[in-house]
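Single-structure report; data block below.
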Amino acid sequence: MIKLYNSLINKIEEFKPLKENELTMYVCGSTVYNDMHIGNSRPIVFFDCVARFFKYLGYNVKFVSNFTDIDDKIIKKAQSEGVNESTISERYIASILETYKLLNCLPHYKNPKVTENMDNIISFIDELVKKDGAYVSGDDVYFDISKAENYGILSCQRVEDLISGARIEENQNKKNPADFTLWKKTIVGKNWDSPWGKGRPGWHTECVVMINNILGPKIDIHGGGLDLKFPHHDNEIAQSTVINHNYIASYWMHNGRVDLNGEKMSKSLGNVIDAKGLVKEIGYGAYRLILLMVPYRQPLNFRQELLDQAKSDYEKIKKAKLTFAHKMQIDYGIKDYQIKIQNNELLNLKDEFIKEMSNDFNTANAITVIYKVLKLINTSYRSKELDPEYAKELLSLFDEMLWVLGIDFENTLLSEEEVDIVNKWNEARRNKDFESADKYRAIINEKNIII
Ligand SMILES: [Zn+2]
């Protein structure tokens, strides 16, 4: 049984899929005018683990994340470079897709773009107007929050507080100061024809339209960063209550923010860490460990010690697996070790890992179970009487767990020549031929053979 924290009701709940053995999940993606920073990568990596875990349990996973490829910021950047907006958006979509790959994320079911969904967006807004959930005023179309069922349910805000809240700017065209724009009439930048004149849609309407079109009127999980809870996610929900009479998803999940050395990370402060640069520098294993060592709902304070720890932990994981796999290759000639786990101690560890992941995806505790397996691997490595079948199960279990967290890696086998050198070294040591042993050890070091 998977339990997860549902932000919609602020409670831990048992997960019940809409369709047996299927997970439909949507996570708000990037506005494509910049490269991803480590803060943007947290939901991408975390929800990738959620998708992987469901797959591991045998679910058919449909994970969708969008690209917002029309926005004032994209227009501004295009103007400053003297190019059209699609040049900017395509550049950053390519860069972000490359970053997903570098981060070892499984390919998403779909990555829809707003510009490719314009007909659907326009007919969705039209339907909102027809159902009296939206109105045309001045040049624009607004959503009427008084028509939503339980507006502000996600962020637990009361409509009265929102109305009196000073942070909502006064707009004479709005019936209610908290009403939000669905369609903005404009000819600045890329624009589309609509029943309300040339213009483009507001940000809050795109996600709900793409969810409906790709995954249906209701999905299992809608995720995103905590900063999107209000107004973006509440506004997505508001539209869905008028069109589909639901809150879009059975479960809403929000990850905490990423700080840098205890300070808020933001582009305007100039203290952001580029995701692609960092993953290229330290590799996806250490990168993902940084994000997964802290439970996802907590804020994560990125700092040097955390980076150093993740790097050294990942080295230990890698070294343990490779040295052990190579030992099995040399001592027993085992090259392929994938096997069903039957040993009781290992089955218990597998259960423990699944239990931790099923407890609101507690990746931090799941990592500690990985360390328990790592310890067994290191003990077995030194053991004089190793049962090869047990060793295979041990490595299989280790691989499974690493895969769920996306910190797995290719198992590089030793070449015939490398096995031969190691065998000669072992033989020389057995014969107490220290001169030859030293010679072979030097070759092993020079060739960087991991044993
Ligand atoms: Zn969204």
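Residues satisfying the criterion are present in the stretch 141-152 (criterion: at pLDDT below 95 and in contact with a Leu (Cβ under 7 Å, 6 or more places away or on another chain)). Total residues in the stretch 116-148 satisfying the condition of being surrounded by fewer than 18 Cβ atoms within 10 Å (Cβ to Cβ) and either within 30 Å of the chain's Cα centre (by Cα) or on the phi > 0 side of the Ramachandran plot (or both): the figure is 5.
Condition first: more than 21 Å from E400 (Cβ to Cβ) and in a helix (DSSP H, G or I). Now tell me which residues in the stretch 288-309 satisfy that. Selection gives I290, Q304, E305, L306, L307, D308, Q309.
Please verify whether the stretch 153-161 includes one or more residues that are within 25 Å of the chain's Cα centre (by Cα), closer than 27 Å to N111 by Cα and crowded, with 21+ Cβ neighbours inside 10 Å. Yes: the stretch 153-161 contains one or more residues that are within 25 Å of the chain's Cα centre (by Cα), closer than 27 Å to N111 by Cα and crowded, with 21+ Cβ neighbours inside 10 Å.
Hey, any hits in the stretch 360-376 for a residue that's in contact with a strand residue (DSSP E or B) (Cβ under 6 Å, 6 or more places away or on another chain), open to solvent by 10 Å² or more (accessible area, probe 1.4 Å), in contact (Cβ under 8 Å) with a residue 12 or more places away in the chain and under 30 Å from N255 (Cα atoms)? Break it down stepwise before answering.
Within the stretch 360-376, the subset in contact with a strand residue (DSSP E or B) (Cβ under 6 Å, 6 or more places away or on another chain) is 360.
Then drop every residue that is not open to solvent by 10 Å² or more (accessible area, probe 1.4 Å), which leaves 360.
Filter once more, keeping what is in contact (Cβ under 8 Å) with a residue 12 or more places away in the chain: 360.
Right, trim to under 30 Å from N255 (Cα atoms) and you get 360.
Checked the stretch 360-376: at least one residue is in contact with a strand residue (DSSP E or B) (Cβ under 6 Å, 6 or more places away or on another chain), open to solvent by 10 Å² or more (accessible area, probe 1.4 Å), in contact (Cβ under 8 Å) with a residue 12 or more places away in the chain and under 30 Å from N255 (Cα atoms).
Given the criteria over 29 Å from L402 (Cα atoms), in contact with a helix residue (DSSP H, G or I) (Cβ under 8 Å, 6 or more places away or on another chain) and small (G, A, S), does S266 qualify? No; evaluated as a whole, the condition is false for this residue.
Close contacts from the stretch 45-56, counting a first residue that is in the same structural domain as H108 (by TED's automatic domain parsing) and a second that is of a type in the set (G, A, S) and open to solvent by 10 Å² or more (accessible area, probe 1.4 Å), with Cβ to Cβ under 6 Å and a gap of 6+ residues or different chains, come to none at all. Of these, K439, K432, K384, which one is over 19 Å from I290 (Cα atoms) and in contact with a helix residue (DSSP H, G or I) (Cβ under 9 Å, 6 or more places away or on another chain)? None of the other options fit; the residue is K439. When the stretch 203-229 is filtered for residues that are near the ligand (Cβ under 8 Å from one of its atoms) and open to solvent by 10 Å² or more (accessible area, probe 1.4 Å), the ones remaining, listed by number, are W203, H204, L228. For G189, the conditions (1) touching a strand residue (DSSP E or B) at 6+ places or on another chain (Cβ under 7 Å); (2) open to solvent by less than 70 Å² (accessible area, probe 1.4 Å); (3) more than 13 Å from the ligand (Cβ to nearest atom) are fulfilled apart from (1).
Only one entry of K62, K76, K3 meets the criterion of being without any contact (Cβ under 8 Å) to a residue 60 or more places away in the chain and either open to solvent by 10 Å² or more (accessible area, probe 1.4 Å) or out of contact with any strand residue (DSSP E or B) (no Cβ under 8 Å at 6 or more places or on another chain) (or both), and that entry is K76. In the stretch 80-108, the residues that are free of Cβ contacts under 8 Å to residues at least 40 places away in the same chain reach residues that are assigned to a helix (DSSP H, G or I) and polar (S, T, N, Q) with C-beta atoms within less than 8 angstrom, at least six apart or across chains, in these pairs: E81/T87. Just one residue in the set L374, L397, L346, L386 is part of a loop (DSSP other than H, G, I, E, B) and not small (G, A, S); that residue is L386. Is there a residue in the stretch 319-339 that is closer than 19 Å to T368 by Cβ and free of Cβ contacts under 8 Å to residues at least 60 places away in the same chain? No, there is no match, as no residue in the stretch 319-339 is closer than 19 Å to T368 by Cβ and free of Cβ contacts under 8 Å to residues at least 60 places away in the same chain.
The set of residues in the stretch 230-266 being open to solvent by 20 Å² or more (accessible area, probe 1.4 Å) and assigned to a strand (DSSP E or B) consists of S250, L260, E263, K264. Can you name the number of the only condition in (1) open to solvent by less than 50 Å² (accessible area, probe 1.4 Å); (2) farther than 28 Å from G189 by Cα that K55 fails? Of the numbered conditions (1) open to solvent by less than 50 Å² (accessible area, probe 1.4 Å); (2) farther than 28 Å from G189 by Cα, the odd one out for K55 is (1).
Scanning the stretch 381-413 for residues that are open to solvent by 10 Å² or more (accessible area, probe 1.4 Å), in contact (Cβ under 8 Å) with a residue 24 or more places away in the chain and not acidic (D, E) yields Y381, L386, P388, Y390, K392, W403, F409, N411, T412, L413. Note on the stretch 17-41: residues that are in contact with a Leu (Cβ under 7 Å, 6 or more places away or on another chain) and either buried (at least 24 other Cβ atoms within 10 Å of the Cβ) or within 25 Å of D351 (Cβ to Cβ) (or both) amount to 4. Can you name every residue in the stretch 428-451 that is within 29 Å of E315 (Cα to Cα) and either at pLDDT 95 or above or in a helix (DSSP H, G or I) (or both)? Within the stretch 428-451, R429, A437, D438, K439, Y440, R441, A442, I443, I444, N445, E446 meet the criteria.
The values are calculated or read from the model by the stated rules, or taken from the named source; none is laboratory data. Just so it is clear, the model here is predicted, and its values are computed rather than measured. Neighbour counts run over all protein chains shown; Cβ positions are idealised from the backbone, glycine included. We work out accessible area using only protein heavy atoms, side chains counted, and drop any ligands, DNA or RNA first. Shrake-Rupley method; radii C 1.70, N 1.55, O 1.52, S 1.80 Å.
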